[in-house]
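Asks: Sharing a structure below in C-alpha cells format, with a few things to ask.
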Amino acid sequence: MVSSWRCFVFPSKTDTFGIVNIEAMACGLPVAAYPVTGPKDIIKEGITGAMSENLELAINKALTLNPQNCIDYAQQSSWSKVTKIFANQLHNGRHSSPRHSLFDHEYMDLRT
C-alpha cells in the first residue's frame, strides 16, 4: 500500500518527534507537515519534505520532491544517534542550546 503513495502527510501539531516521518522518508516518501517541533527537527525543507501552516501547500510542494533524496537522508539515521541527540537535548535544555537537525553532520557522528 505504501508503495502507491506519493508523499506522507504528518498532520500533528503536538507530536514531539514523529519517527513515522523518518520511516516514510526511508520508503522514498517526501513528508508534508506543519512547521512545529518534531518535523522541524527532521524534515530538510525542499529536499525531504515541506512544511507550512497550510497543510495543502506543504502537500503540493512535497509532491514535487525527489523520492531518492528522502531515502538517502533517512539512511543517515540510527537508533543510537537519535538516542544521543534526545539525551543531549534533555541534558542541555531544549531552548538553551542551538537547534540542530537530527542529520546535521557537524553535530553528531553519523557512524554511531
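The values are calculated or read from the model by the stated rules, or taken from the named source; none is laboratory data. What you see is a predicted model; the values in this text were computed from it and never measured. Virtual Cβ from ideal backbone geometry, glycine too; neighbours counted across all protein chains shown.
Asks: Counting just the residues of segment 56-71 that are over 14 Å from the mean Cα position of the chain (by Cα) and among the β-branched types (V, I, T), which one comes out surrounded by the fewest Cβ atoms within 10 Å (Cβ to Cβ)?
Replies: That would be T64.
Asks: Determine, yes or no, whether P30 is modelled with pLDDT of 95 or more, loosely packed, with under 14 Cβ neighbours inside 10 Å and not assigned by TED's automatic domain parsing to the domain that holds L90. Talk me through it step by step, then tell me what you get.
Replies: Values: modelled with pLDDT of 95 or more: yes; loosely packed, with under 14 Cβ neighbours inside 10 Å: no; not assigned by TED's automatic domain parsing to the domain that holds L90: yes.
So P30 fails the test.
Asks: Can you say whether V9 is modelled with pLDDT of 90 or more and in a helix (DSSP H, G or I), as far as the supplied structure shows?
Replies: Working: modelled with pLDDT of 90 or more: yes; in a helix (DSSP H, G or I): no.
In short, no.
Asks: Pairs only if they're at least six apart or on different chains, beta carbon under 9 angstrom, first in segment 1-17 and under 14 Å from S52 (Cβ atoms), second of a type in the set (S, T, N, Q); list them, first residue then second.
Replies: Between residues of segment 1-17 that are under 14 Å from S52 (Cβ atoms) and residues that are of a type in the set (S, T, N, Q), the close pairs are F10/N21.
Asks: Among the numbered criteria (1) in contact (Cβ under 8 Å) with a residue 24 or more places away in the chain; (2) surrounded by fewer than 23 Cβ atoms within 10 Å (Cβ to Cβ), which one does P39 miss?
Replies: Only one criterion is unmet by P39, namely (2).
Asks: Separate question: Residue under question is V20, and the condition is that it be within 21 Å of I85 (Cβ to Cβ), surrounded by 13 or more Cβ atoms within 10 Å (Cβ to Cβ), in contact with a Lys or Arg (Cβ under 9 Å, 6 or more places away or on another chain) and in contact (Cβ under 8 Å) with a residue 12 or more places away in the chain; does it hold?
Replies: no
Asks: Consider K61 against the criteria (1) part of a helix (DSSP H, G or I); (2) touching a helix residue (DSSP H, G or I) at 6+ places or on another chain (Cβ under 9 Å); (3) not acidic (D, E): it satisfies all of them except one. Which criterion is unmet?
Replies: Unmet condition: (2).
Asks: Are any of the residues in segment 82-94 within 23 Å of V2 (Cβ to Cβ), of a type in the set (A, V, I, L, M), more than 11 Å from the chain's Cα centre (by Cα) and at pLDDT below 95?
Replies: Filtering segment 82-94 down to residues within 23 Å of V2 (Cβ to Cβ) leaves 82.
This time we only want the ones that are of a type in the set (A, V, I, L, M), so: 82.
Add one more test, that the residue is more than 11 Å from the chain's Cα centre (by Cα), and what stays is 82.
Of the ones still in play, those that are also at pLDDT below 95 are 82.
The answer is yes; a qualifying residue exists.
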